[in-house]
1. Take the Cβ-Cβ distance between Asp123 and Val98 as r, set R0 to 35 Å, and report the resulting FRET efficiency rounded to the nearest 0.05.
2. Using a cut-off of 14 Å between beta-carbons, work out the net charge of the residues near Gln108 (Lys and Arg +1, Asp and Glu -1, Gln108 not included).
3. So for the chain, averaging the separation of alpha carbon pairs under 8 Å that are six or more residues apart and normalising by length, what relative contact order in percent results?
4. Can you figure out the FRET efficiency of Gln3 with Gln108, using R₀ = 41 Å and their beta-carbon distance, to the nearest 0.05?
5. Among all lysine pairs in the chain that are eight or more places apart or on different chains, how many have alpha carbons less than 14 angstrom apart?
6. Which value in deg cm²/dmol, rounded to the nearest 500, describes the helix-derived mean residue ellipticity at 222 nm for the chain, given -39,500 (n - 2.57) per DSSP H run of n ≥ 4 and division by the residue count?
7. For a quick check: sort Cys10, Cys93, Cys42 by the number of other beta carbons within 10 angstrom, fewest at the front.
8. Using the number of other C-beta atoms within 10 angstrom as an exposure proxy, rank Ser68, Ser136 with the fewest first.
Amino acid sequence: MHQLDDCIFCQIANGHAPAYKIHEDELTCTFLDIFPATPGHCLIITKEHFSDIFEAKAEALAQVARNSVLITKALEQVIAPDGLGVYQFNRACAGQTVFHYHMHLIPQFEGKNIGIHSKQAGDPDELAALAEQLKSVLP
Ligand SMILES: [Zn+2]
């Protein structure tokens, strides 16, 4: 599997960098964003390094889509948001900031207008606890 040593998401995917992982399979890895826009902000990444959708393999992205349903159900149970933003950016001009394919799942709440990237890091203890909670409700 093609991965890059200097890519943070590759390092998370292969376990060389820490992350609040909540789900993993052969093709994908899901973890909490450490700069959450809202509590429960998840990222689903492909394990293989694709910079963006322009070079991604359909099979891997299909698995990302499948898992987005799974993770949404877990978020619904644990966070109970009013809605959920699913965002996916490709290349800098489209708003991509980490150049390894990823999908954002961002819980949204009535009456709040929430951006995609928070400037504030999440509390490590809260992130760890939330990751455990989400893992516990996944099949
Ligand atoms: Zn990568």
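1. Between Asp123 and Val98 the formula returns 0.95.
2. It works out to a net charge of -2.
3. Answer for the chain is 29 percent.
4. 0.80
5. Count of close lysine pairs: 4.
6. Roughly -9500 deg cm²/dmol at 222 nm, from the helical runs in the chain.
7. Cys93, Cys10, Cys42
8. Going from sparsest to densest Cβ surroundings: Ser136, Ser68.
Since every read-out is calculated from the coordinates, none of them should be taken as a lab result. Computed from a prediction, not measured in an experiment: that's the story for all the values here. Positions of Cβ are backbone-derived with ideal geometry, glycine not excepted, and every protein chain shown enters the neighbour counts.
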